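Notes for the one structure printed next.
The values are calculated or read from the model by the stated rules, or taken from the named source; none is laboratory data. Every value quoted in this text rests on a predicted model; they were computed, and no experiment measured them. Cβ atoms come from the backbone with ideal geometry, glycine included; neighbour counts cover every protein chain shown. What goes into the accessible areas is simple: the full protein's heavy atoms, side chains included, and nothing from ligands, DNA or RNA. Shrake-Rupley method; radii C 1.70, N 1.55, O 1.52, S 1.80 Å.
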There are 2 protein chains.
Amino acid sequence: MTRKGHRERRKAGAIRQLPWQQVRNPYAPVEVLSADQVEAIVGAALTILETTGFRFLREESRKLVESAGAEPANGRGMTRLGRDLVMAKLALAPTQFALRARNRARDLVIGGNHIVFAAVGGPAFVSDLDKGRRPGNYAEMCDYFRLIQSLNIIHQECGGCFEPMDLPPESRHLDLYLAQHTLLDKSAQAYPLGRERTADCLEMTAISFGISREALTENPAVVGIINTNSPMQIDIPMAEAVHELAGANQVCCITPFTLAGSMSPATLAGTLAQQTAEVLAVVTLAQLVREGAPVIYGAFASNVDMQSGAPALGTPEYAKMAMASGQLARRLGLPFRSSSTTTANVADAQSAYESQMSLWGAVMGHANLVVHAAGWLEGGLTASLEKLVIDAEMLQMMAETLKPIVVSDEELALDTIAEVPPGGHHFGTAHTLARYESAFYTPIVSNRQNFESWQEQGSVDTLTRANGLWKQLLADYEKPPIDPATEEALTDYVERRKAEIAGRQ
Amino acid sequence: MTRKGHRERRKAGAIRQLPWQQVRNPYAPVEVLSADQVEAIVGAALTILETTGFRFLREESRKLVESAGAEPANGRGMTRLGRDLVMAKLALAPTQFALRARNRARDLVIGGNHIVFAAVGGPAFVSDLDKGRRPGNYAEMCDYFRLIQSLNIIHQECGGCFEPMDLPPESRHLDLYLAQHTLLDKSAQAYPLGRERTADCLEMTAISFGISREALTENPAVVGIINTNSPMQIDIPMAEAVHELAGANQVCCITPFTLAGSMSPATLAGTLAQQTAEVLAVVTLAQLVREGAPVIYGAFASNVDMQSGAPALGTPEYAKMAMASGQLARRLGLPFRSSSTTTANVADAQSAYESQMSLWGAVMGHANLVVHAAGWLEGGLTASLEKLVIDAEMLQMMAETLKPIVVSDEELALDTIAEVPPGGHHFGTAHTLARYESAFYTPIVSNRQNFESWQEQGSVDTLTRANGLWKQLLADYEKPPIDPATEEALTDYVERRKAEIAGRQ
């Protein structure tokens, strides 16, 4: 660990954690599809766009795509996109780009072998062991943000960990952005539901960075999750966000919501083909809005439970499609987004093994952005405080797993092996003592006591330990420095916009 | 699912599970070491054996190795093994072999891209939610065996799921073998602690198969876990087992117990080098006992917790060393054994994410045998009934993840994608309806209810659901058919041997 790492660790209080770091995957991706299969799926996606088409519900988007040569398709308001058009526009999208944060030391890279872990985004509820599951309020959202700031392994806030239900829906995005830019200094996503909410994000990001809107377009800083309304359409608010983001050279993370058997065919190949078609349709739109606009191939392909029709997450199908989606994204030259997911209603064994299934699928598939990587519960309906801590442990473990093994004379330690007698022990060797502090990963929430000690101390399970940990992290939280003039400018912007919105109603 | 699969499923009662299957990993292994690093570690292992040597505590073993050209090394009773000797003997070991089970439909293959999942072996305790953690007895061991038989995804019993403490230690292995051959028809491991216990296993296996001891040597059927006493020695009972097993053409799964920082250097490279040296020393012995005797490169490399000195399992280091060990084993041309491990004291989130870390490391590292794959808790001190069910779920999920994606016109489903309107749904299409029953993995213990339904039904967590499931599996258990004459011959053997053992004392 570097000197800097030690300092950062201490800043987070008594809880020892890994220093802030950009994570990279140095290993080759796991390929679950053959090269021929990848071509067949991409070919199928292009055929879908060319023959069936895609529906842009927003007229301005549809007209823009049609002005480039796409044609109205059928009575369903769909537009056919020829493969030459799609491939030409796809070629304009960057394969990798930097992402600016308020604190430049927290800048990120999206693409290549980089992995960004984003916290949970979008739930309706918050939950913890003390108060159970309930609609969240703004104060609770701010506390959740403080934890996201405190946990070094989380790189990005995901556009709202849950809805602050005590605030009016038409302006709560402004309070969200204010909290992002004052409580966090990390990368933060937009709440890209419609033109205004997206534009407010861009304005406030420029204020927060102390730069003009014009200067903001020089570097991507804002990611918006653009969910298509699978199958095969994009609605008006999402299309507006594409125009705002791409127009400002910001990032559209285009993520079809394809649950096989419900929003896509009950097969993995069909789901992957449809997902790819939907991504390509919106990539085409984004590149027509602005050539070279950064886009991400987003995958959220899972399946329904065929007995109940309920969403099934963290499944084997999910892990396999994550790895396959990574192959498809790389074939198309786009960064790849995946997620960590579970359907569990409590942070128990199921929640952990489903999240691990998704996480390993994402990481082995070389995801560049893992959304919902910490805090997600109940198929995304709840942000759990305990799960946030447990997931942070899993993310740290993954980051350590991706740290390459060093093979050198010193690490091979043949002299030490020769020194210790057969059946002896390595505890006291100079080689071991020199590495005592930092040889191996130190967990946050995992317990390594033997059964008797663990029982004596109350047989506390992981969920309960996590409850104590988030409270300690919250007590230790320190607000990252911000220029008071910047904070005032952000507050002024929020007040002015709230007045505007109120005046309109 | 095949017709046979359906029949097998029904046999296991009302609990739906995957049919019995040999699992294969069709994907390329994850390589965490470069080719140069692999060579450096193998070279270091050969240097350790050549310069420091290895201690064979059993004189007969030491003399056998020295008769082949190895030399006494130093005042510590070690023997130096030259690299030519080691590599020549290594070359005799098969890279893959079949493993016979009592029910030939349960025969296994060890090597290549095959994966065998073995249940937990060796704990001192048993635990469940009802009675907590306690020393187990024979009746409880038999119930645990019934569950191992009932869970299709478990391929092999691991030489005793826990010690039956109500039976005398000098003869309880006989009761164990009797239970293996009457309650199970799956592959079963030996309890290879010394010559007699191993020989009894071979005798009873021959009786169970209805073949002579001579005929038994024609095909491997028995695996014995041979733990070295790391660092760098093998004790007398384990060496006796090597002579018995290898002499009968049965399988030595040579597994150093290298916790980095305690039984090996506090570095991953040093631990891997020492592990490889220890495996190669015992491979040399086994091949001197009988040319071509089947052996497995066993890895149990983890690390100690550097704060407490306690074993740390399911760690990032564990996962990384599992993948590295797979590379080393393949370089040496040997099948590879890994494990699923955790230090958790209860089947909670930690137990699941640590087991998943190990399992993904093992599977991505192309382990051919995953020991302790179901039931392990407390760093291996306890066999848990609930964890057995939870692990079986994780193993099933892994088996499904390894089932390749089919890409065909029918699976791509372009006609169906064209048929469903934009924003519509796939629930009712002919394509979906045709796949309703078997499109996706159906879990055993995972819950996919929404929060409200789950809460109405008592907010039952995974641990508690697993408790209900093992009880149901036990109620549904059916003893696999056995020729009464065979069962009688096994019982007679046990009685005769018990009388012999009692007479000696």
Practice problem: Could you please tell me which pairs satisfy a Cβ distance under 7 Å, a separation of 6+ or placement on different chains, a first residue in segment A:432-445 that is over 21 Å from A:Glu386 (Cα atoms), and a second residue that is in a loop (DSSP other than H, G, I, E, B) and open to solvent by 70 Å² or more (accessible area, probe 1.4 Å)? | Solution: A:Ser438/A:Met1
Quiz prompt | Test result for B:Leu328, in contact (Cβ under 8 Å) with a residue 40 or more places away in the chain, more than 13 Å from every other protein chain (Cβ to nearest Cβ), in a helix (DSSP H, G or I) and crowded, with 24+ Cβ neighbours inside 10 Å | solution = no
Quiz prompt | Enumeration of residues in segment A:369-392 that are touching a Lys or Arg at 6+ places or on another chain (Cβ under 8 Å), part of a strand (DSSP E or B) and more than 25 Å from B:Val30 (Cβ to Cβ) | solution = A:Trp376, A:Leu377, A:Thr382
Quiz item: What single numbered condition from (1) facing another protein chain (nearest Cβ under 8 Å); (2) surrounded by fewer than 24 Cβ atoms within 10 Å (Cβ to Cβ) fails to hold for A:Glu291?
Solution: (1)
Self-check item: Pick from segment B:444-456, criterion more than 8 Å from chain A (Cβ to nearest Cβ) and of a type outside the set (Val, Ile, Thr), ranking: nearest to the chain's Cα centre (by Cα)
Solution: B:Ser453
Quiz item: Here are some conditions: (1) open to solvent by 40 Å² or more (accessible area, probe 1.4 Å); (2) out of contact with any Ser or Thr (no Cβ under 8 Å at 6 or more places or on another chain); (3) at pLDDT below 95. A:Glu8 meets all but one. Which one does it not meet?
Solution: (1)
Quiz prompt | Qualifying positions in segment A:15-36 - open to solvent by 40 Å² or more (accessible area, probe 1.4 Å) and either closer than 30 Å to A:Leu285 by Cα or over 27 Å from the mean Cα position of the chain (by Cα) (or both) | solution = A:Glu31, A:Ser34, A:Ala35, A:Asp36
Exercise. Taking B:His366 as the residue in question, decide whether it is open to solvent by 10 Å² or more (accessible area, probe 1.4 Å), under 20 Å from B:Asn303 (Cβ atoms) and either part of a loop (DSSP other than H, G, I, E, B) or of a type outside the set (Lys, Arg) (or both).
Key: no
Self-check item: Residues of segment A:98-123 classified as assigned to a loop (DSSP other than H, G, I, E, B) and open to solvent by 40 Å² or more (accessible area, probe 1.4 Å), total
Solution: 7
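Look through B:Phe56, B:Phe117 and report the one residue that is at pLDDT 95 or above and under 30 Å from B:Glu378 (Cα atoms).
Within the list B:Phe56, B:Phe117, the selection yields B:Phe117.
Quick grid of which residues meet (1) within 24 Å of A:Gly121 (Cα to Cα); (2) touching a residue at least 60 places away in the same chain (Cβ under 8 Å); (3) of a type outside the set (A, V, I, L, M, F, W, C):
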site: A:Ala374; (1), (2), (3): yes, yes, no
site: A:Leu381; (1), (2), (3): yes, yes, no
site: A:Leu402; (1), (2), (3): no, yes, no
site: A:Ile405; (1), (2), (3): no, no, no
site: A:Leu414; (1), (2), (3): no, no, no
site: A:Val460; (1), (2), (3): no, no, no
site: A:Leu463; (1), (2), (3): yes, yes, no
site: A:Trp470; (1), (2), (3): yes, yes, no
Quiz item: Does A:Gln505 satisfy the condition of being under 28 Å from B:Gly261 (Cβ atoms), open to solvent by 30 Å² or more (accessible area, probe 1.4 Å) and out of contact with any strand residue (DSSP E or B) (no Cβ under 9 Å at 6 or more places or on another chain)?
Solution: no
Exercise. Of the conditions (1) closer than 19 Å to B:Leu332 by Cα; (2) out of contact with any helix residue (DSSP H, G or I) (no Cβ under 8 Å at 6 or more places or on another chain); (3) of a type in the set (A, V, I, L, M), B:Met263 clears all except one; give me its number.
Key: (1)
Quiz item: Hey, among the residues in segment B:221-241 that are closer than 20 Å to B:Leu193 by Cβ and in contact with a Pro (Cβ under 6 Å, 6 or more places away or on another chain), which one's surrounded by the most Cβ atoms within 10 Å (Cβ to Cβ)?
Solution: B:Thr228
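Select from segment B:421-436 the residues that are more than 7 Å from chain A (Cβ to nearest Cβ) and assigned to a loop (DSSP other than H, G, I, E, B) and list them in ascending order.
Matches in segment B:421-436: B:Gly428, B:Thr429, B:Ala434.
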Quiz item: How many residues does segment A:299-325 contain that are among the aliphatic types (A, V, I, L, M) and either more than 8 Å from chain B (Cβ to nearest Cβ) or in a helix (DSSP H, G or I) (or both)?
Solution: 8
Practice problem: Could you grab me the full set of residues in segment A:47-62 that are surrounded by fewer than 21 Cβ atoms within 10 Å (Cβ to Cβ) and more than 10 Å from chain B (Cβ to nearest Cβ)? | Solution: A:Glu50, A:Arg58, A:Glu59, A:Glu60
Quiz item: Is it the case that some residue within segment B:397-410 is surrounded by 24 or more Cβ atoms within 10 Å (Cβ to Cβ), more than 7 Å from every other protein chain (Cβ to nearest Cβ) and closer than 27 Å to B:Leu473 by Cα?
Solution: yes
Practice problem: Residue by residue through segment B:454-499, note down the ones that are open to solvent by 40 Å² or more (accessible area, probe 1.4 Å) and polar (S, T, N, Q). | Solution: B:Gln455, B:Gln457, B:Ser459, B:Thr464, B:Gln472, B:Thr491
Quiz prompt | Residue within segment B:284-298 that is on the phi > 0 side of the Ramachandran plot and in contact (Cβ under 8 Å) with a residue 40 or more places away in the chain present | solution = yes
Quiz item: Can you tell me which of A:Met141, A:Met165 is in contact with a strand residue (DSSP E or B) (Cβ under 9 Å, 6 or more places away or on another chain) and buried (at least 19 other Cβ atoms within 10 Å of the Cβ)?
Solution: A:Met141
Practice problem: From B:Asp185, B:Asp200, grab the single residue that is touching a residue at least 40 places away in the same chain (Cβ under 8 Å), within 26 Å of B:Pro484 (Cβ to Cβ), over 19 Å from the mean Cα position of the chain (by Cα) and buried (at least 20 other Cβ atoms within 10 Å of the Cβ). | Solution: B:Asp200
Practice problem: Name every residue in segment A:35-46 that is of a type outside the set (D, E, K, R) and more than 8 Å from chain B (Cβ to nearest Cβ), in order of residue number. | Solution: A:Ala35, A:Val38, A:Val42, A:Gly43, A:Ala45, A:Leu46
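Every residue, every condition in (1) of a type outside the set (Phe, Trp, Tyr); (2) part of a loop (DSSP other than H, G, I, E, B); (3) more than 16 Å from A:Phe54 (Cα to Cα), yes or no:
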| position | (1), (2), (3) |
| --- | --- |
| A:Glu214 | yes, no, yes |
| A:Pro220 | yes, yes, yes |
| A:Asn249 | yes, yes, yes |
| A:Val279 | yes, no, no |
| A:Leu288 | yes, no, no |
